[in-house]
Structures are given as structure tokens and as C-alpha cells.
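**Student:** Structure below; questions to follow.
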Amino acid sequence: MIYQGKAITVKALESGIVELNFDLKGESVNKFNRLTLNELRQAVDTIKADASVKGVIVTSGKGVFIVGADITEFVDNFKLSDEELLAGNLEANKIFSDFEDLNVPTVAAINGIALGGGLEMCLAADFRVMSATAKVGLPEVKLGIYPGFGGTVRLPRVIGCDNAVEWIASGKENRAEDALKVGAVDAVVAPEKLQDAALDLVKRAIAGELDHKARRQPKLEKLKLNAIEQMMAFETAKGFVAGQAGPNYPAPVEAIKSIQKAANFGRDKALEIEAQGFVKLAKTSVAQSLIGLFLNDQDLKKKAKQYDEIAKDVKLAAVLGAGIMGGGIAYQSASKGTPILMKDIREDGIQMGLNEASKLLGKRVEKGRMTPAKMAEALNAIRPTMSYGDFGNVDIVVEAVVENPKVKQIVLAEVEGVVKEDAILASNTSTISINLLAKALKRPQNFVGMHFFNPVHMMPLVEVIRGEKSSDVAVATTVAYAKKMGKNPIVVNDCPGFLVNRVLFPYFGGFSKLLGFGVDFVRIDKIMEKFGWPMGPAYLSDVVGIDTGHHGRDVMAEGFPDRMAVEGKTAVDVMYDANRLGQKNGKGFYAYETDKRGKPKKVTDPQAYELLKSIVTEQRELTDEDVINYMMIPLCLETVRCLEDGIVETAAEADMGLIYGIGFPPFRGGALRYIDSIGVAEFVALADKYADLGALYHPTAKLREMAKNGQKFFG
């Protein structure tokens with residue numbers, strides 16, 4: 001053994017060839033943490049000092065190559081001063097450059113995922129050979145930053161400027177054949193032949209058959225583009241990428257700017273330019289929010305995994321109530337490998353559910369994400385029925401009938417009588433109390449809520465609602481089934497609206513107040529979309545359905561009368577009474593026309609404005625900032641209450657629920673991280689400015705205590 005550490009070893013193989021192997025002890029994957037970087041420094045120095053070394057192959061002892069930098073360390077690193085962060089980044093880059101400058105040929109053997117710093121390590125090698133099953137990419141823009149270990153410098157010089165911009169600005173993972181096509185790797189082989197292929201490459205370089213110094217040279221020089229080519233490549237790319245990323249996500253465009261600035265310099269100066277831009281992005285609130293989001297997501301996955309130990313395996317599922325929602329649930333289950341019975345009392349309901357599943361599967365085939373054979377297999381895994389004949393073998397039943405407590409209780413009691421004793425019953429209710437529904441059951445310990453969001457195939461969240469009598473096994477099995485369906489489950493406790501709808505309705509409450517003060521709903525939509533929401537509150541109301549919102553608001557008002565009950569008619573009442581139900585019947589706040597692709601397109605409708613005149617109590621001149629505060633303060637305060645009431649266990653789960661469930665702007669990190677970004681004391685003072693608007697705007701005593709003590713929700 002030439003060098004032995006806890007993350008890296010270097011050992012002699014044959015004929016002067018050494019293997020630099022990444023195998024981080026105590027971890028399931030390799031990543032660049034402080035330990036790994038320190039050991040890479042020592043390993044490179046050891047190889048450099050050993051005159052007997054004639055070539056190096058870089059390998060991994062894990063099932064992946066290297067997944068990138070250790071993101072958990074980012075939070076601390078990014079708190080450093082600009083100067084310290086820049087110095088640390090350049091010091092790390094010096095290690096990669098010294099590896100690249102070794103006086104012997106180097107080959108990276110990419111056995112599995114090589115992302116971020118993992119790919120940047122490979123780019124520092126002279127040659128790259130890749131397993132056919134591996135993937136490579138630079139996903140840093142998804143964290144609000146860009147590659148910081150030389151990715152913006154080396155990749156354009158290896159695969160060309162256009163390809164590099166696409167890889168870096170999209171942050172996507174690339175399959176082996178695509179990496180080979182653009183020249184990111186030199187060979188793709190079967191996984192079992194990877195080591196031999198890497199050895200063969202390095203031996204050919206040692207023998208002079210391959211010129212490793214010529215291969216290395218372009219990475220040390222400026223980009224081979226003249227001034228006009230540079231202008232055309234970079235200016236066009238910046239315009240296109242800015243349009244795709246939007247104004248709230250600066251990293252993709254900043255990455256292109258960095259490549260552009262460094263284009264006329266050799267490696268070392270180019271790396272300095274990259275480092276300066278990296279530090280600038282690292283200090284943005286967007287990066288902090290997106291990194292926090294990533295860490296929250298990891299926490300969520302770990303938490304969901306803990307349920308696996310007691311969860312029962314779901315081999316056969318059932319959904320009660322077909323239609324669009326039932327069809328969506330059936331599609332999601334069957335397409336992810338769990339057969340499902342789809343029951344309805346009406347033939348046309350079953351047909352609607354099958355049509356929905358068939359349509360969604362067909363779209364996957366059209367986009368090349370599924371073969372026709374796999375589509376047929378998934379469709380065959382959905383068994384429509386109008387009877388309970390086959391329900392004796394079902395492991396979990398998802399009830400998705402009309403949102404009416406009496407109807408749900410009747411259906412749940414009925415199905416409980418035909419399933420096996422340990423079968424789990426789950427209600428896909430959006431607002432109705434699980435404890436209330438459980439009163440109709442003989443085995444309430446087997447009953448939970450399983451709230452899917454519409455459209456089922458697109459929305460990543462599932463709320464698993466624990467009732468007072470729900471058993472741990474029932475909760476765990478439902479969580480495991482949601483994960484198996486490709487969803488992100490969050491376990492919440494029972495209350496009206498659970499987590500997401502309980503938080504969403506105060507947001508709509510703020511919207512209602514704005515309309516009562518004569519603010520144009522189109523203006524409100526534009527302001528909130530600019531703030532980062534995928535759609536404004538008027539448009540969202542139409543998409544969800546005015547009738548759905550009307551019913552939900554009444555449930556919430558009954559559950560939380562002190563702050564959610566309203567006096568007099570609201571905009572939703574006026575729309576509901578006029579039978580303007582939103583997209584579903586073509587008229588709501590907006591009117592809807594069908595565009596060329598057959599999709600509903602919103603247009604303003606004078607009738608909507610006429611109807612809204614009746615609910616204006618006074619005209620207030622409000623700034624854009626006021627509009628944001630009217631909407632966001634109640635949403636954030638209700639999220640705080642959900643955390644304090646124990647409806648959700650952690651701040652991370654609360655924030656992720658809003659991001660996955662209602663499209664809270666990811667670059668803002670969630671409601672509680674948004675409060676942190678303002679400052680808890682500053683947020684409390686802001687809320688107090690709007691105290692005259694009612695109880696929705698009044699901070700809790702505990703939040704005031706946090707403000708007084710200088711506390712935060714994160715860190």
C-alpha cells in the first residue's frame with residue numbers, strides 16, 4: 001500500500017500502475033468532504049513523489065463513483081467571509097490541478113454515478129472510461145450555485161462550449177451513451193469490464209500509443225473560439241437560459257457568464273474566475289434556500305425510511321371511486337408496480353378512471369419514457385370492478401369518493417366488512433377529520449388518511465394523516481406504499497385541513513381581504529407569480545375549483561372560527577352563487593378558452609369584475625409589498641401554528657409539505673425558512689403592522705418568545 005487513509009487508498013497494481021481508490025469509511029457513498037479532500041491532497045503528493053509510478057487509474061470502492069461535495073458542510077462553509085471561502089475554494093482546486101499535472105497518464109474508471117465534484121475529479125484525469133450503467137453530470141445549479149472544482153473551466157474545453165453550457169445550465173444527469181457522444185468520456189464498457197478497460201487505456205498511454213500530454217493540453221489553454229464565435233455562443237445561450245430559468249434562479253446564467261469571462265485565459269486564471277463567481281452565488285439567499293431544501297428532503301427521506309422496519313408489504317391495492325382522482329391513483333400504483341383494483345358504483349365512473357389511467361400511460365409512451373409493452377402491463381395491473389368480489393386479498397384500500405363525511409363513513413364501513421382483518425383503510429380526504437371518519441369503523445387502528453394532491457401524477461406530496469387510534473403499522477404501511485408509488489410522504493396529525501390545506505386557506509383569506517379592498521385580482525396574480533408562485537391565487541382558485549375552495553373554506557371556518565370564519569359574502573361566495581366554478585365549467589375569476597393544443601387558456605372576463613364589485617367594502621391604495629404581506633403573513637403564521645400544535649413534527653417537514661403540496665417557491669425555501677430569511681423578530685414586527693386585519697395576522701406567543709430570544713427555525 002503506497003497510501004492509506006479513511007477515504008482514499010493508493011496501491012500498486014502492475015508495471016508501475018497504481019490505483020487511487022475512493023472508499024469513504026462509514027458511508028454508503030463517496031463524497032468530497034474535508035476528510036476526502038485532505039486525503040486526496042496527501043495521495044496526490046505521495047504519487048508525485050514516487051518515481052516508480054508510471055500511470056494512475058482512479059476507481060471507487062462503492063456502488064457509485066463520487067456523488068459530489070458533502071452538502072451538509074456547505075451550510076458552515078458558506079458562512080465564512082468571502083475571502084476565506086475564496087481561499088478555501090482555490091486551495092481545493094489546487095489539489096485537482098496538481099492531480100491533472102502529474103507527470104504520468106491518468107484514467108478515471110466511472111463505475112456509477114459521478115456528479116458535481118465526482119465528475120470534476122474525472123475531468124481532471126487525462127482519460128475517462130465509463131460503465132454502461134453509470135451516469136454523470138454537474139447538478140450544482142439545482143442548489144443555486146454552479147460547479148466549483150473546475151467544472152466550468154474543464155468541461156467546455158473537453159466537450160465544447162455548447163454542450164458544456166447545456167450540461168451545466170440544466171444540471172441534468174447524462175447517460176453513458178450521451179457522455180460518449182459528446183466526448184465527455186473516451187469509452188463505455190460493460191460494468192464487469194471497467195477495470196480492465198481502464199488498465200488497457202493507461203497501458204496504451206504509457207507505451208506511447210496514446211498521447212496523454214496532448215490530451216491534457218486543451219484543458220490548460222484558453223477556449224478555442226474567436227471573438228465572434230464567443231459572442232454568438234454566449235449571448236444566445238444567456239438569453240435562452242435566462243428565459244428557461246426565470247429571474248429567481250440566477251445560477252444557470254451566472255455559470256455561462258463565468259465560462260465566458262474565463263474563455264480567454266488558461267486554466268489557473270480561469271479557475272480563479274470560476275471561484276469568484278462561485279463565492280458570489282454561495283452568498284445568495286437562493287443558494288441558502290435551495291441547499292436547505294436539499295437537506296430537508298434528505299431528512300424527509302430518512303424519516304420515511306424509518307417506517308420501513310414495521311411496514312407491511314403491499315402486494316395488492318384497491319381504490320374506491322374511479323373518476324379522474326381514482327384513475328390517477330390507479331395509474332400511479334400500477335405504473336410503479338403495485339396491481340390495483342378500481343371500484344366504482346357506476347360504469348361511466350369506471351370508464352372515466354380507465355380513460356384517465358390510459359391517457360397518462362399513453363403520454364409516457366409518447367415521450368419515450370415507457371415502452372408500449374410496459375404500458376400494456378400497467379393497464380393490465382388495473383382491474384376495474386363494480387363489486388367487492390376480489391377485495392379479500394387487498395392489503396390497502398384508498399377511499400376516494402365524494403368529499404362528504406356521511407358518504408365516506410358509509411363506504412368505509414362497507415369496505416371494512418369485506419377486507420381481511422389486517423387490511424389498511426386510507427381516506428383520500430383533503431379536509432375531513434380522520435377521527436370523525438374513524439367513528440364509523442370497527443377497526444379504527446387500521447385507518448389513516450392518505451391525501452393525494454391533484455393532479456396525482458404530477459404532485460409529489462402525499463399527506464399521511466395519523467388519527468387518534470391509527471396504529472404505527474397502519475401509518476408505516478401507508479408511508480411505504482406512498483414511497484412505492486414514487487411519492488414523498490409526510491406524516492401529519494389530524495386537524496381540519498391537516499397541514500397543507502390548513503396553511504393554504506389563510507393565504508386565500510389574505511386574497512379575500514385584498515379583493516374586499518378593491519384590489520384587481522389580475523394584479524394580485526401577477527405580483528404573487530413574480531414573487532415565485534407557479535400561479536396566482538385567483539388562477540389557483542379556478543384550477544382547484546371554486547366549489548372545492550368554497551367547501552374547504554367552510555370546513556376550515558368551522559375548525560378555526562377565531563381566525564378563519566368570515567362575516568358577509570366573499571369573492572368565493574359570489575363566484576359560487578353565480579355557478580362560476582373555475583376551469584371545470586369554463587368560468588371563474590377568469591373565463592377559459594381552448595388553445596391550439598386543446599388546453600384551457602385563461603382570459604379576463606368583464607362579468608367577473610362586475611360580480612366582485614358587490615363585495616368591495618372600501619377602496620385601499622396598496623403597494624405590491626402590501627399585497628405580498630397580505631398573502632404571505634397569514635400563510636407563514638399558520639405554518640408556525642401547525643408546528644407549535646404538533647400537526648407536523650419538524651420545521652423541515654412543514655416547509656417540504658408546502659413546496660411539494662402547493663408549489664411554495666422553492667428558491668425561498670418554505671414558509672419557516674422565509675421567516676428566517678426576514679428574521680423572526682423582523683417578521684413579528686411586520687405582522688404587527690397588519691394587526692388590524694384580524695387574528696390571521698397575529699403572531700403566536702411562542703413566536704414572539706423566539707423573536708425576543710433571537711431564535712430561528714433552522715440553525
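The values are calculated or read from the model by the stated rules, or taken from the named source; none is laboratory data. Computed from a predicted model, the values in this text were never measured in an experiment. Using ideal geometry, Cβ is built from the backbone for each residue, glycine included, and neighbour counts are taken over all protein chains shown. What goes into the accessible areas is simple: the full protein's heavy atoms, side chains included, and nothing from ligands, DNA or RNA. Shrake-Rupley method; radii C 1.70, N 1.55, O 1.52, S 1.80 Å.
Yes/no per residue for (1) within 33 Å of the chain's Cα centre (by Cα); (2) among the aromatic types (Phe, Trp, Tyr); (3) in a helix (DSSP H, G or I):
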site	(1), (2), (3)
Ala378	yes, no, yes
Tyr388	no, yes, no
Val407	no, no, yes
Ala413	no, no, yes
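**Student:** What's the number of the condition Asp162 fails, among (1) at pLDDT below 95; (2) within 23 Å of Thr72 (Cβ to Cβ); (3) acidic (Asp, Glu)?
**Tutor:** Asp162 satisfies every listed condition except (2).
**Student:** Turning to a different aspect of this structure: Of the residues in segment 509-546, how many are open to solvent by 40 Å² or more (accessible area, probe 1.4 Å) and either within 16 Å of Gly497 (Cα to Cα) or aliphatic (A, V, I, L, M) (or both)?
**Tutor:** Qualifying residue count, segment 509-546: 3.
**Student:** How many residues are closer than 21 Å to Ser335 by Cα and of a type in the set (Val, Ile, Thr) when one looks only at segment 273-324?
**Tutor:** Residues that pass the stated criteria total 3.
Let's see how each residue does on (1) more than 30 Å from Ser471 (Cα to Cα); (2) in a helix (DSSP H, G or I); (3) hydroxyl-bearing (Ser, Thr, Tyr):
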position	(1), (2), (3)
Met375	yes, yes, no
Arg383	no, no, no
Glu403	no, no, no
Ala426	no, no, no
Leu437	no, yes, no
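**Student:** Enumerate the helices (runs of 4 or more DSSP H) found wholly within segment 630-715, keeping only those where 2 or more residues are among the charged types (D, E, K, R) and over 29 Å from Arg523 (Cα atoms).
**Tutor:** By residue number, 701-709.
**Student:** Right, something else. Quick one: Glu567 ticks every box in (1) over 20 Å from Asn404 (Cα atoms); (2) open to solvent by 80 Å² or more (accessible area, probe 1.4 Å); (3) free of Cβ contacts under 8 Å to residues at least 60 places away in the same chain; (4) within 32 Å of the chain's Cα centre (by Cα) except a single one, so which number is it?
**Tutor:** Among (1) over 20 Å from Asn404 (Cα atoms); (2) open to solvent by 80 Å² or more (accessible area, probe 1.4 Å); (3) free of Cβ contacts under 8 Å to residues at least 60 places away in the same chain; (4) within 32 Å of the chain's Cα centre (by Cα), Glu567 violates only (4).
**Student:** Considering only helices (runs of 4 or more DSSP H) fully contained in segment 1-113, which possess at least 1 residues that are closer than 21 Å to Leu199 by Cβ?
**Tutor:** 34-49, 82-100
**Student:** Test of understanding: among Leu220, Leu225, Leu201, which residue is over 26 Å from the mean Cα position of the chain (by Cα) and modelled with pLDDT under 90?
**Tutor:** Selected residue: Leu225, the only one of Leu220, Leu225, Leu201 that is over 26 Å from the mean Cα position of the chain (by Cα) and modelled with pLDDT under 90.
**Student:** Also: Taking the conditions exactly as written (of a type outside the set (Val, Ile, Thr), assigned to a loop (DSSP other than H, G, I, E, B) and open to solvent by 80 Å² or more (accessible area, probe 1.4 Å)), does Arg597 satisfy them or not?
**Tutor:** yes
**Student:** Please go through (1) open to solvent by less than 20 Å² (accessible area, probe 1.4 Å); (2) in contact with a strand residue (DSSP E or B) (Cβ under 9 Å, 6 or more places away or on another chain); (3) over 22 Å from Thr72 (Cβ atoms) for Thr639 and return the number of the only condition it doesn't satisfy.
**Tutor:** (2)
**Student:** Return a yes/no flag: does segment 150-159 have any residue that is assigned to a helix (DSSP H, G or I), surrounded by fewer than 23 Cβ atoms within 10 Å (Cβ to Cβ), in contact (Cβ under 8 Å) with a residue 40 or more places away in the chain and under 24 Å from the mean Cα position of the chain (by Cα).
**Tutor:** No, segment 150-159 contains no residue that is assigned to a helix (DSSP H, G or I), surrounded by fewer than 23 Cβ atoms within 10 Å (Cβ to Cβ), in contact (Cβ under 8 Å) with a residue 40 or more places away in the chain and under 24 Å from the mean Cα position of the chain (by Cα).
**Student:** So in segment 18-43, with the set limited to residues that are surrounded by fewer than 22 Cβ atoms within 10 Å (Cβ to Cβ) and among the polar types (S, T, N, Q), which one is nearest to Asp76 (Cα to Cα)?
**Tutor:** The residue in question is Asn33.
**Student:** Okay, next question. Ile110 - would you say it is within 26 Å of Gln298 (Cβ to Cβ), of a type in the set (Val, Ile, Thr), within 22 Å of the chain's Cα centre (by Cα) and buried (at least 24 other Cβ atoms within 10 Å of the Cβ)?
**Tutor:** no
**Student:** Note down all Cβ pairs under 8 Å where the first residue falls in segment 211-240 and is touching a residue at least 60 places away in the same chain (Cβ under 8 Å), the second is part of a loop (DSSP other than H, G, I, E, B) and among the aromatic types (Phe, Trp, Tyr), and they're at least six residues apart or on different chains.
**Tutor:** The qualifying pairs do not exist here.
**Student:** Just one of the numbered conditions (1) farther than 30 Å from Lys587 by Cα; (2) out of contact with any helix residue (DSSP H, G or I) (no Cβ under 6 Å at 6 or more places or on another chain); (3) at pLDDT 95 or above is not true of Val684; which one?
**Tutor:** Answer for Val684: the failing condition is (2).
**Student:** Moving to a separate point now. Among the numbered criteria (1) open to solvent by 40 Å² or more (accessible area, probe 1.4 Å); (2) at pLDDT below 95; (3) of a type in the set (Val, Ile, Thr), which one does Val473 miss?
**Tutor:** So the condition that Val473 fails would be (2).
**Student:** Please go through segment 570-585 and pick out each residue that is free of Cβ contacts under 8 Å to residues at least 12 places away in the same chain and either under 22 Å from Ile324 (Cα atoms) or within 34 Å of the chain's Cα centre (by Cα) (or both).
**Tutor:** The answer is Asn579, Asn585.
For every residue, the table says whether it meets (1) of a type in the set (Ser, Thr, Tyr); (2) touching a His at 6+ places or on another chain (Cβ under 8 Å); (3) surrounded by 24 or more Cβ atoms within 10 Å (Cβ to Cβ).
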| site | (1), (2), (3) |
| --- | --- |
| Leu80 | no, no, no |
| Glu84 | no, no, no |
| Ala87 | no, no, no |
| Asn93 | no, no, no |
| Ser97 | yes, no, no |
| Pro105 | no, yes, yes |
| Gly118 | no, no, yes |
| Ala125 | no, no, yes |
| Val136 | no, no, yes |
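**Student:** Restricting the first residue to segment 444-470 and requiring it to be in a helix (DSSP H, G or I), which pairs with a second residue that is open to solvent by 20 Å² or more (accessible area, probe 1.4 Å) and among the hydroxyl-bearing types (Ser, Thr, Tyr) meet a Cβ separation below 6 Å and a spacing of at least six or different chains?
**Tutor:** What qualifies is Gln445/Ser471.
**Student:** Within segment 600-627, how many residues turn out to be among the polar types (S, T, N, Q) and surrounded by 10 or more Cβ atoms within 10 Å (Cβ to Cβ)?
**Tutor:** Here the count works out to 4.
**Student:** Taking Thr650 and the conditions (1) among the polar types (S, T, N, Q); (2) open to solvent by 40 Å² or more (accessible area, probe 1.4 Å); (3) under 30 Å from Pro247 (Cα atoms), which numbered condition does it fall short on, given that it satisfies the others?
**Tutor:** Among (1) among the polar types (S, T, N, Q); (2) open to solvent by 40 Å² or more (accessible area, probe 1.4 Å); (3) under 30 Å from Pro247 (Cα atoms), the lone unmet condition for Thr650 is (3).
**Student:** Residue by residue through segment 382-399, note down the ones that are open to solvent by 20 Å² or more (accessible area, probe 1.4 Å) and of a type in the set (A, V, I, L, M).
**Tutor:** Scanning segment 382-399 gives a single hit, Met386.
**Student:** Considering each of Asp162, Asp178, Asp196 in turn, give the residue that is open to solvent by 10 Å² or more (accessible area, probe 1.4 Å), acidic (Asp, Glu) and touching a residue at least 40 places away in the same chain (Cβ under 8 Å).
**Tutor:** None of the others qualify; the one that does is Asp162.
**Student:** The conditions are (1) surrounded by fewer than 21 Cβ atoms within 10 Å (Cβ to Cβ); (2) at pLDDT 95 or above; (3) under 23 Å from Lys406 (Cβ atoms), and Phe447 fails exactly one of them. Which is it?
**Tutor:** For Phe447, the exception is condition (1).
**Student:** Mind checking which residues of segment 571-588 are at pLDDT 90 or above, among the basic types (Lys, Arg) and either in contact with a strand residue (DSSP E or B) (Cβ under 8 Å, 6 or more places away or on another chain) or part of a helix (DSSP H, G or I) (or both)?
**Tutor:** Residue satisfying the conditions is Arg580 alone.
This table checks each residue for (1) out of contact with any strand residue (DSSP E or B) (no Cβ under 7 Å at 6 or more places or on another chain); (2) open to solvent by 90 Å² or more (accessible area, probe 1.4 Å); (3) under 19 Å from Val462 (Cβ atoms); (4) not polar (S, T, N, Q).
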residue	(1), (2), (3), (4)
Ile329	no, no, yes, yes
Ser333	no, no, yes, no
Lys336	yes, yes, yes, yes
Ile345	yes, yes, no, yes
Ser358	yes, no, no, no
Arg364	yes, no, no, yes
Thr371	yes, no, no, no
Ala378	yes, no, no, yes
